Every structure is written in structure tokens, then in C-alpha cells.
1. With θ set to phi - 60°, apply the Karplus curve 6.51 cos²θ - 1.76 cosθ + 1.60 along the stretch 177-187 and write out the HN-Hα couplings as whole Hz, x wherever there is a Gly or Pro.
2. Let me have the 222 nm mean residue ellipticity of the chain computed from DSSP H runs of 4+ only, each contributing -39500 (n - 2.57), with the sum over all residues rounded to the nearest 500.
3. Under a Cβ-Cβ cut-off of 11 Å, what is the net charge of the residues other than E498 that fall near it, where Lys and Arg count +1 and Asp and Glu count -1?
4. Could you tell me how far the Cα centroid of the stretch 367-438 sits from the Cα centroid of the stretch 312-344, in Å?
5. Between the alpha-carbon centers of the stretch 1-39 and the stretch 127-146, tell me the distance in whole angstrom.
6. What is the stretch 83-143 by shape, rounded, prolate or oblate, if you read a ≥ b ≥ c off the alpha carbon gyration tensor as root eigenvalues and call it rounded for a/c under 1.5, prolate for a/b larger than b/c, and oblate otherwise?
7. At T585 and D61, where each label point lies 7 Å from the Cα along Cα→Cβ, what is the point-to-point distance in nanometres?
8. Dipole of the chain (Lys/Arg Cβ +1, Asp/Glu Cβ -1, origin at the Cα centre): which of V70, P164, G557 lies farthest to the positive side?
Amino acid sequence: MKFTIDWLNEYVDTDGVTPAELADHLTMLGLEVDAVTEIFQDLAPIKTALVVSVERHPDADSLSLCQVAVGPETLQIVCGAPNVRAGLVAAIALPGTTLPGGIKIKKSKVRGIESFGMLCSERELGLSTGHSGIMELPADIPHGLSFIEALGLNDTLVEVDLTPNRPDCASVIGIAREVAGVIDRPLTLPVESVEVQPSTAAFSVDIESSELCPRYGARLITGVTIAPSPWWLRKRLLSIGLRPINNVVDVTNLVMMEYGQPLHAFDFDKLVDKKIFVRHPRKGELEFTTLDGVVRKLDPEMLMICDGEQPVAVAGIMGGINSEVSDSTTTILLESACFDAISIRKTARKLNLSSEASYRFERGVDPGGCLLAMERAVMLLCDVAGGTAAPGGVDKYYGQKPFNTLTLRIKRTSDLLGIPLDYEIVEKALTSIGFRCKQKDADSLWVGAPSFRVDIEREVDLVEEVARLIGYNTIPTTLPTVQLRYPERDTSRTIRAEMGTLLSGIGYFEAINYSFSAEKHLQWLGLAEDDPRCRFVRLINPLNEEQSVMRTMLLPGLLENVQRNINFQKGAIKLFEIGKVFTPTGDNEQPLEKTRCAGVLSGNRFGESSHYHFKEQDVDILDAKGAVECLLHELRFLGVGVLAPLSFALPDEGRMESFTDPLQFLVIKDGELEVGYLARIIPGVLRKFGIKQDVFFFDLDLDALCQLRFVAKNFTSLPVFPAVNRDIAMLVPEHVAAGALVDAVLQTREPLIEQCEIFDVYQGSKIQQGYKSVALSVTYRSAQKTLTEKNVEKVHVKIVNMLGSKFEGTLREG
């Protein structure tokens, strides 16, 4: 949005406010100022001049020899303009001046006669395309003055970048209203109010859809004379970069920039049947020629302005060449309407046609301002075009909306802004920009938002208005109060992160698969139809058949990952995934989401490691068991090792999975609660997934694991007294697990026992049939003193006797 300070001063007095201060005010009001520029500075060297006398050039009939007064000097100028005459006040470019087009004026000889400058036309000054003669200035302007000062061109242009929610500021009056509010000065409007008396004698208007055209106003003006606009009107348009055309078109453009309401003038005599229809194109109306001479293809959804026979304008965007105002026009029909923003935006995009009118309609034009803008244009047209406004007109306001009234709480406003406010301050701020206020009670007031403020919908919008107008700079800067405490962490998230780190540390790679799966995958696993995992959450609009249901297991996705890796000749595979599985709970209800951790192993146990260092060995069930043991131990789940409710056990009858090897299947339990399982997948299932090598897997219920207690971390100082190591070699029945002896030693809770580990298990010669030798190394240490032989022997004998009695064993001799 562009405007000049001089134009702004017509509506609000900015005396004493510099352009820089004005730009700062606008920026703090939320209207970002892109540029503040002194305009027409390239015309600063141009002077005003008085033609004293004119004679025919002795060597050219088309040239004139002029004596021109420029201040105290009288210069000889050779001029070819047909309108040059004695007494004419014009603009002169003296030698050394560079014109806007880049032409540099020099002293020269024209047909043997010296010329000391050039009398300029409007085109040479960059003010218009007119080149029929030199520019004629008002006769009362003294000669020798600066051209831009004499014509009032010494002005400042301000360019504001508007946000889409502020269409009210796409006008000079809208900007003036904001400025008046912030500098606390009155706003002066060209038209305060207007009422159009209905009159349908000369023309009629019909609207097809009040949603697409909420309001349509029109007035008839007769006796119009099409001519160039007066200088003041052309100056306004030139100052903001618009090209003057003629007095009628210039008035509609001026009022559009002034009020933000696009207008259009039709040549009334070209309208068939003197009727206006606001409708969509009919069958057969496929093309339309706009004012720019381009033939455009119409769409059935486009809104058109039509006469009794054909379209005459694209609603809200551009008029048609078939109803264009021309030099012969004497009667015009002035349109001031409001169109649906979405409809205009779609039409503009389809036609690839943007205009100043469409820019405003796309953002929302105030229906309440249609008649004000139309009345302003009628007054100007009667003044500059010599027209006469026919009494009455048309005002079709079928889309009128109820008055927008909100309640604003004073205390709430003060709390949000952090400053003390009262009713008078808030009321003054809001009424200064057109809001209507009425006190509701001691702490609140009714606020009526004006129709041009389409962005006001809630109480907080009013709070923002108060903040803008009293000034953001007046709001004190305070630091937020933050409690210095460590935020509580989500246990499940912590465990997930630690699991990922641990598995990555032992050679696994994390897989991240879609939560969608194919129904056939569970059929390949051989699950029974009544298995809960065969109840799916189906997608209404799946990407493809391979992603038609929400997954109920992580394993199928990991098996697809295995197959893909094998296809890329990566046969040594260790993958894991931590993710959610989904179980339906009923129609129109959210599915139950559970988090699980699953891993798969296949191929060489040592991965891509060189065979020079490791002999190639395939993974087995113990590798899967070791990975799970590592997780349980490192995450310190209560029950690992010494405390032991968590254990690996053979499955109960009926627990076996259809896709696993019954001889290589273990469940992980916390007492009677199953928290996971691990197994080998049978070859028949693997072949359906395109896998020809053994695959082992583990599957843990992460939600169940998170409910378990953890072994607290205990930190002790480094030992200062020496340790004593004693070995025990026990002969025990071969069915006794070697680890059971270690557990038995540790469970005695003897304070001197620091560590116990197996260093040998032997069966063979010199060992009785049905027995085996288990050798343990026990470390003794005291935190208070150095142990003596007597101290150690007492505890050691007790341990040996306990092992002998508990496991029916004896000390091995020799």
C-alpha cells in the first residue's frame, strides 16, 4: 500500500510528526513500513518559465523561436511544440539537466539558431505519456521557481507492507485512521454518511447469489465529458505510481486508493437493456475480452457482471472492452460492490490476472463502505467531468451480517498486558479507530467492531488493539518467573532411549518402519483366526495394499528388512525396532497402542568382521538370549541376577507360536507375568518372506517392563583393604546347573563375599559317571579391615558345606 504524506494530511493533521516518526508509529501499530522515499527528486533541477514572446524560426516552419523568462534571466529557446505561445507558463530544463528518461540537456544550435534549454512535455518529465505539446502550468505560477515546489510535487512516499488480516489499511483513509488513533488527532472524512434512495427508472440490478455478492450499489451520471483530469487529481495518482488515463477512470482509481473500495464505470449506452446481472457465465459464454485487450477463457465458477445480453466485466477484477468508457461516453453507470474474497481469488488465479481491485477484494472489502466510496466518486465526477447525478440509485444489500459485539474485561486486559488500565483508557483507545464502546459493568464493556475490521473475532483481538494503540513501548519489560528445578522425566522415554543405545552398542542397527502393514503378513506367520493379533485397525484410504492395516506386531516389518538386506548381499544381520502396535477397541474408538521392542538376528555372529580375527559362526538362540539379558541387566530391572523374579523359561503348554521352532523357544517372565519371548523362526515361514537362512528374534513388552521396579544405583568408594581369593572345585550331579552354584553363594549374603564366578566346568576321566566338576573363584574382602586367614577360613568352610548339602556335592581332590 502506497500513500504520500501530503495525501495523508487531507484526513489527519500530521504537523510536527516527521516521516521517520510516522514510519515508526506505523511499524509499532503492526503496519510494516518498507520504504520512505522523497518523490520526484529527479525533477528537482527543472524550473518554471514564462514564455515572453514567440517568433517563427527563420529556417523551419515547424519551429518557434521563443524568448523565455526564468527568474532574472531571459533565455532563447527553440521549440517545436504547437501549443507554445506568449504568456504561457511552462517547465524548462536548463543546460546540464538530466531528464527522467536519461536525456541530458545541453546548449545547442537548432537550424543555426542557439537554444539555451528545452521547454518540456509531460512525457519528457515522466509524468504521463502525453506528447502533443509542452506542459502548460497554471498562469499564476511565478517563473524561476523549482518545478516540484511550484506544483506541490515535493512530497514523501510511504510504502507499507500489509498483512492479509488488515484489508482495512489498503486505503489512505485506513492508514489515516490508524495514525489518528496513535497521535490522538481527529480524523476528517470526505463523506461521513450517505443513504441511497431506491430508483429503478433508468436501470435495474439482479444478483444471482448473495453469498458471492453481498452488496451491489450503482448510480447513474449523465452529461459527462471525457477529458484529461485536472492536475491535482493526476498528481495524486502519479505520486503513488498510477498512470492517469482520463477524468472518469482517474476518479475511480483515486477513490479506490482513498477508501479501499474498488469502483468501475460502465458506458451506460453500451449496456444492453440497461440491466445489470451479477451471475456465472451461461452455456456458450466461453470467452471474454478484458480492458487490456486480452481474450480470456471463462470458467462456469467465475462471477461475471453482465448486461441483458452478455458479460461486461469480470466481477472484482477487470472490466470488459465492450463496456469501456471512451471519448464519446456521455453517461456512465458507476458500480460500487462487494464480492466474495475466495471467489475473486480463484478467478484471478485461473485467469492469471491481478489488479489493484482484485488485490483488495481477495483480502476482503468492507460492505459497509460501498455507498460512502460511491458517493465520494459521484461528487468528484460531477466536479471534474461536468456530470449530473441522477436522483437515487440501487443498493442491493442481501448479505448483511449482524453487528459484531464482544465483551472486553478490563482486568483481563490489564493482566495480559501487564499494565494498569481503566475504562477511560480502553474506551479512548478503541473509539479512536472506529470501535463503539459502552460500559457493561464495573470491569467490562460492550465493544462493537466496525464492519471494516474483519479480523476482530475474539476478546483477545480487542486486547491486541488496546496494546497497539497505547504503544508496545509502554508495556514494561519483565523476565518470566522460572522455577529452578529439574523436570521430571518420562520413564518410558528414558528406557526407550537407553535400550536403543545398548542394542546399538552390541552391534544392532535400528530399523524404523511404517506403522502400516499388510494383512497377508500375519497369514504368512500362520496365526489362528481367533488370535487377537489378527484383529486389525483398517485404513479407510490406504496408500496401497501393502499398507492397508495398522500393525499388530513388529516382527513382519523386521523380516521384510532382513529380506531386503539379503537381497543387497548383506547376510550378517542384527536389527531392532522400538515402536507401537495397535489393537482395535471398538467402532469409532481409538485403538489401544502398546509399545514393544523387537529384534532379529541372522547370519554370521560377528557381522562384517574379518575372518582372520574371528572364525565364521552363525547366530543361534543364545545370541538372542544374550541380547535380552544384556538389556535386562544394564537397565537394572528388579529381578535380574541375584533377586531373580525375572527369568527365562520354557513355554507352558499352548503358549507356543505357530511360526517358531518348539525346541528353541523361551519366554521371559516376572513371576507369572510374561514380559517377552524369543525364538527361532521356522524355515517354512521364512520362505514366504523370501528368506533362506535361519532367523532368530526377541520381542519384549516395553509397557510391561516399564511397570517393573529398578535396582537403584549404589555408589561405593574404592576398596582400601586387600582382597583374598579362594577356589572351590565341587563334584555335583551333572543335572545341576553351574550357574546355580554361583547364585547359591551370592544369596548367602555373607558380607565378606565380594564376588563369585565360574572358571572351569569339567567332565571326563577321574570324574565319577553322572557327575561334573564345577570350579568357582570366590573373592573375599572387608571394608573395615585387612582379613586374616582365620576370618576367611571360617566363611569359606561355611560356603563349602552349604554347597555340599544343597547340591549333593563333594569337594574335588587332586
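The values are calculated or read from the model by the stated rules, or taken from the named source; none is laboratory data. None of these values were measured; they are calculated from a predicted model. Neighbour counts are summed over all protein chains in view; Cβ atoms, including those assigned to glycine, are modelled from backbone coordinates with ideal geometry. With ligands, DNA and RNA removed, areas are computed over all heavy atoms of the protein, side chains included. Shrake-Rupley method; radii C 1.70, N 1.55, O 1.52, S 1.80 Å.
1. So the J values, rounded to whole Hz, are 5, 5, 5, 4, x, 7, 9, 6, 10, x, 9.
2. Calculated at 222 nm, the ellipticity per residue is -7500 deg cm²/dmol.
3. Numbers: positive: R493, R496, R636; negative: E634.
Net charge in that neighbourhood comes out at +2.
4. What the calculation gives is 26 Å, centre to centre.
5. The two parts, judged by their Cα centres, are 29 Å apart.
6. Numbers: a/c = 1.69, a/b = 1.21, b/c = 1.39.
Judged from the Cα gyration tensor, the stretch 83-143 comes out oblate (a/c at least 1.5, b/c at or above a/b).
7. With each label point 7 Å from Cα toward Cβ, the separation is 10.2 nm.
8. Value computed over the given set: G557.
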